[in-house]
1. Name the single residue, out of those in the stretch 130-152 being crowded, with 16+ Cβ neighbours inside 10 Å and in contact (Cβ under 8 Å) with a residue 40 or more places away in the chain, that is farthest from E84 (Cα to Cα).
2. Hey, V95 hits all of (1) modelled with pLDDT under 90; (2) under 27 Å from Q54 (Cα atoms) but one; which does it fall short on?
3. Looking only at helices (runs of 4 or more DSSP H) that fall completely inside the stretch 1-80, which ones have 3 or more residues that are within 26 Å of the chain's Cα centre (by Cα), surrounded by 21 or more Cβ atoms within 10 Å (Cβ to Cβ) and not assigned by TED's automatic domain parsing to the domain that holds G170?
4. May I ask you to list pairs of residues, at least six apart or on different chains, whose Cβ atoms are under 7 Å apart, with the first in the stretch 4-18 being over 19 Å from D33 (Cα atoms) and the second being not aliphatic (A, V, I, L, M)?
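The values are calculated or read from the model by the stated rules, or taken from the named source; none is laboratory data. This structure is a prediction, so every number in the text was calculated from the model and none was measured. Every residue, glycine as well, gets a Cβ built from its backbone with ideal geometry; the counts of neighbours run over all protein chains shown.
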Amino acid sequence: MALKNLGAILGKEGDSLRALYYLRRSYECDPQDPQTVYGLAFAYMELGDMEPAQKHFQKVLEMEAPEELRRLARDELRKIAARELKARGPCMDAVFYLLDAMRLFRGKSLPEIREITFEIGILGKYGLDINDPQESHVLRALPGRVFSALQLICIMYAGFKRIEPGMDIGVDLGEEWGMAERPDGRGRPLR
């Protein structure tokens, strides 16, 4: 417990390297303590070592952990996924999903767009892994269709562009949005 607490204090003070040292020692003593595992993941992330950070955040989700800690782990996994998505440059899959979302919203009323967008936002609170290409998500607002997490994020992004254009949804698809709006290269929006 003392090792975990010392690691947490050092992490809060911004000394991620020393925090990692003590949290690793705490993990060796008790690998089933969710707070230690979360702290270890966070220290790795702060040091820029994303692979073990993801592994440990995922472990928090797989163990008996308080819901608040699980929520924090999901949020950090989302941040890592979004960062990795942007590091690769523009995602052409996202451009095509945004084009599909623009078509989906064409002719829909603002309340219909809100219903779809907000339903995705609620799903996102429970974690959407944009790196998982499997189409396994369904929406009440769009029955009969199955979506990947990235598709849902793109639909939500396009929806908020209509509802609240300046809103930050936690994933920056600005470059992809610009490409989707001007597919002919002449600056003519599709809408």
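1. Q151
2. All conditions pass for V95, except number (1).
3. 16-29, 34-46, 50-62
4. Sorted first by the residue in the stretch 4-18, then by its partner, the pairs are S16/E46.
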